[in-house]
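The values are calculated or read from the model by the stated rules, or taken from the named source; none is laboratory data. These numbers come from a predicted model, not from an experiment. A quick note on method: Cβ atoms are made from the backbone with ideal geometry, for glycine too, and the neighbour counts reach across all protein chains shown.
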Amino acid sequence: MSAILIRGGTVVTARGGERIDLLVRDGMIAKGAVQDAKAKVIDASDHLVLPGLIDCHVHFREPGFETKGTMESEAGSARAGGITTVCDMPNTNPPTTSIAALEDKVKRATKANNCDIRFFFGAMEREHLKQLEQLWTADVHRLLKGRCAGLKVYLDHSTGNQGAGKDVVEEAFQLCAALRIPLVVHCEDAKTNEEARENVMEKGINAHSLMRPPESEERAVASVIALARKHGALVHATHLSTAQGLALIRQAKKDGIAVTCDVAPHHLFLSVDDYAALGARAKMNPPLRTREHQEALWGAIADGTVDCIATDHAPHTREEKDIADPLKAPSGVPGVETLLPLLLTVAAGEWPHPTSSSPVPHLRYEDIVRLCFTNPNKIFSLRREDITEGARTPLVIVDPKGTWTITAKTLHAKCGWTPYEGWRMTGGVREVL
Ligand code: DOR
Ligand code: ZN
């Protein structure tokens, strides 16, 4: 029997903060003036207590790409950053496009038992959708289905070449609508990117953003909204990066279409101005945009258009990233351990970028919980519990005022680098229970 008394902390939910003691007895929460003489006491005065956060978009790389990361290494990184539930993407090797591949991933996830890993199914072919249908409808797969967060489709190729053709995309919408499966879409338009690629002469890393232009996202989001309208699927547009993409989502929500979205920390904190210092380490899909888009993303958080912030944690090794031709380097950045500190810094009233100045966006601690716990929990039916009486929720004790500097040396992701090296943080994770 274990008991921990967290005394004097402010418990944060999406509704706000409440100063209340918590007793965690054998993993179960009791609230209020609870007594247990044998409990280990944690003094949390001047600290915040958050539910273990949810990151609904990560690439933990296993199986197939263990040199970049493993479930165990990346789960450790997530937990150190206050994230205790993640949804892993299907672009592994083998890809998660069959029930057998999902089953294998679920087995592997038992090694990372300090993190609740859920998995998205992928589909590039009709056969993959058949497998998903079976997973969702056959009673023998009930438990496995409980580990699947939904379906992910790519409208254009990205790392792993999982781009799906128009027919498969349309069928995916039909199937997801019929079975109420959450459908996550990578919104870049293949044709627009192809045309842009032909016209870009530039050879440096800046070309990456020109070859995957904002119009590509705009067209993809427009087609996703049209399909959502036609079929009535629950669609989630992930890692939106442009003002236009978000404007379309804002309007679709006003029109009553069941569409939700997330944005990623690299688009919130970095822009094309960072290529000069970071080179291919700032290469990801969708790519970095101009400062105007970056500001529009914060605006869409402020007005409620954005439902979640998700990291798109996509580690690659330093060797892969630092090759001579930056355009040949793989796309993706790690981010699962730095998300919460970056957001805490903004909530503390500071802009963390060391060289770009910006008005500090308005963000409260309860917004962080809403964007990184409550909303993803609901959208993907993850069944995680809020900090309530009797719940078994992992707890994150946060020091909101402590200052420290990000350095890859102290982070836990296997890749050993971060695009935020040397950034000064205000607020960090003290303990995860
Ligand atoms: O930058 C990215 N990296 N975007 C993706 O869509 C895939 C990801 C990866 O798996 O590396
Ligand atoms: Zn991704």
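Which of the residues belonging to region 2-58 are without any contact (Cβ under 8 Å) to a residue 24 or more places away in the chain, in a loop (DSSP other than H, G, I, E, B) and closer than 30 Å to LYS378 by Cβ?
ILE20, ASP21, GLY32
Which members of region 156-202 meet the condition of being within 20 Å of the chain's Cα centre (by Cα), of a type in the set (A, V, I, L, M, F, W, C) and within 16 Å of ligand 2 (Cβ to nearest atom)?
The answer is LEU183, VAL184, VAL185, CYS187.
Is there a residue being assigned to a strand (DSSP E or B), over 24 Å from ALA258 (Cα atoms) and not aliphatic (A, V, I, L, M) anywhere in region 132-151?
Checking region 132-151: not a single residue is assigned to a strand (DSSP E or B), over 24 Å from ALA258 (Cα atoms) and not aliphatic (A, V, I, L, M).
For the condition of a type in the set (Ser, Thr, Tyr) and free of Cβ contacts under 8 Å to residues at least 40 places away in the same chain, what is the one hit in THR405, THR338, THR374, THR393?
THR405
Find all pairs meeting these conditions: Cβ atoms under 7 angstrom apart; at least six residues apart or on different chains; first residue within region 164-186 and closer than 20 Å to CYS87 by Cβ; second residue within 16 Å of ligand 2 (Cβ to nearest atom) and of a type in the set (D, E, K, R).
Hits for this filter: VAL184/LYS152.
In region 241-267, what residues are within 16 Å of ligand 1 (Cβ to nearest atom) and in contact (Cβ under 8 Å) with a residue 60 or more places away in the chain?
Within region 241-267, ASP262, ALA264, PRO265, HIS266 meet the criteria.
Counting only residues that are assigned to a helix (DSSP H, G or I) and within 16 Å of ligand 2 (Cβ to nearest atom), which one in region 235-294 is nearest to ASN193 (Cα to Cα)? Walk me through it before giving the result.
To start, the set of residues in region 235-294 that are assigned to a helix (DSSP H, G or I) comprises 243-254, 265-269, 272-282, 291-294.
Okay, now just the ones that are also within 16 Å of ligand 2 (Cβ to nearest atom), so 245, 265-268, 282.
Details: GLY245: 15, PRO265: 23, HIS266: 21, HIS267: 19, LEU268: 22, ALA282: 19 Å.
So the residue we want is GLY245.
Taking the criterion of being in contact (Cβ under 8 Å) with a residue 60 or more places away in the chain and part of a helix (DSSP H, G or I), would at least one residue in region 62-73 satisfy it?
Checked against the condition, which is being in contact (Cβ under 8 Å) with a residue 60 or more places away in the chain and part of a helix (DSSP H, G or I), region 62-73 yields at least one hit.
Which of the residues spanning region 212-225 are in contact (Cβ under 8 Å) with a residue 40 or more places away in the chain and not hydroxyl-bearing (Ser, Thr, Tyr)? Break it down into steps so the answer makes sense when it comes.
Applying the first criterion (in contact (Cβ under 8 Å) with a residue 40 or more places away in the chain) to region 212-225 yields 212, 214, 216-217, 220, 223-224.
Passing the criteria: ARG212, PRO214, GLU217, ALA220, VAL224.
Kindly provide the set of residues from region 211-234 that are of a type outside the set (A, V, I, L, M, F, W, C) and either outside any helix (DSSP H, G or I) or touching a strand residue (DSSP E or B) at 6+ places or on another chain (Cβ under 6 Å) (or both), ordered by number.
Passing the criteria: ARG212, PRO213, GLY232.
Return the residue satisfying two criteria in turn: it lies in region 1-50 and is among the hydroxyl-bearing types (Ser, Thr, Tyr) and within 26 Å of the chain's Cα centre (by Cα), and of such residues it is nearest to THR393 (Cα to Cα). Walk me through it before giving the result.
First, the residues of region 1-50 that are among the hydroxyl-bearing types (Ser, Thr, Tyr): 2, 10, 13, 45.
From what is left, the residues that are within 26 Å of the chain's Cα centre (by Cα) are 10, 13.
On the way: THR10: 16, THR13: 12 Å.
Selected residue: THR13.
For ARG7, state whether it is under 30 Å from GLN134 (Cα atoms) and basic (Lys, Arg).
no
Restricting attention to region 155-177, and to residues there that are more than 16 Å from ligand 1 (Cβ to nearest atom) and touching an Asp or Glu at 6+ places or on another chain (Cβ under 9 Å), which single residue is modelled with the lowest pLDDT?
Of everything passing the filter in region 155-177, GLY165 is modelled with the lowest pLDDT.
Among the residues of region 322-373, how many are within 16 Å of ligand 1 (Cβ to nearest atom), crowded, with 19+ Cβ neighbours inside 10 Å and assigned to a helix (DSSP H, G or I)?
2
Within 19 Å of the chain's Cα centre (by Cα), small (Gly, Ala, Ser) and modelled with pLDDT of 95 or more: is that true of ALA329 in this structure?
no
In this structure, is ASP307 away from ligand 1 (no atom under 16 Å from the Cβ) and farther than 16 Å from ALA264 by Cβ?
Judged against the criteria, ASP307 is not a match.
In region 78-95, which residues are within 16 Å of ligand 2 (Cβ to nearest atom) and within 19 Å of PRO376 (Cβ to Cβ)?
Once the filter is applied, which keeps residues that are within 16 Å of ligand 2 (Cβ to nearest atom) and within 19 Å of PRO376 (Cβ to Cβ), region 78-95 yields ALA78, ILE83, VAL86, CYS87, ASP88, MET89, PRO90.
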